[in-house]
Amino acid sequence: MTIPPRALRLKTEAGNCLTIAVGKTDPVFAGELIDEAMRLMRRAQELANAKTAGKD
């Protein structure tokens with residue numbers, strides 16, 4: 001199974017959001033970054049699932 005390039009980019013961006021969130025002292029901003037990371041990972045998973053579903 002190959003993961004679509006866009007899904008990989010979204011996964012990388014999600015990781016970046018989490019890395020930034022860890023260093024923030026403002027809990028609201030950190031929470032927003034974590035929420036964004038979750039959205040990015042969810043979309044990356046959707047893209048990966050769509051790719052594998054198309055192979056059936």
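Within segment 6-23, the residues that satisfy the criterion of being modelled with pLDDT of 95 or more and not hydrophobic (A, V, I, L, M, F, W, C) are ARG6, ARG9, LYS11, THR12, GLU13, GLY15, ASN16, THR19. Residues of segment 14-26 include at least one that is outside any helix (DSSP H, G or I), surrounded by 13 or more Cβ atoms within 10 Å (Cβ to Cβ) and at negative phi.
Got at least one residue in segment 47-56 being out of contact with any Leu (no Cβ under 8 Å at 6 or more places or on another chain), touching a residue at least 12 places away in the same chain (Cβ under 8 Å), of a type outside the set (Ser, Thr, Tyr) and open to solvent by 80 Å² or more (accessible area, probe 1.4 Å)? Checked segment 47-56: at least one residue is out of contact with any Leu (no Cβ under 8 Å at 6 or more places or on another chain), touching a residue at least 12 places away in the same chain (Cβ under 8 Å), of a type outside the set (Ser, Thr, Tyr) and open to solvent by 80 Å² or more (accessible area, probe 1.4 Å). LEU8: without any contact (Cβ under 8 Å) to a residue 24 or more places away in the chain, hydrophobic (A, V, I, L, M, F, W, C) and open to solvent by less than 90 Å² (accessible area, probe 1.4 Å), yes or no? Here the answer is no, as LEU8 does not meet what is asked.
The values are calculated or read from the model by the stated rules, or taken from the named source; none is laboratory data. A quick note: this is a predicted structure, and the numbers were derived from the prediction, not measured. Backbone-built Cβ (ideal geometry, glycine too); neighbour counts: all protein chains shown. Side chains included, ligands, DNA and RNA excluded: accessible areas come from the protein's heavy atoms. Shrake-Rupley method; radii C 1.70, N 1.55, O 1.52, S 1.80 Å.
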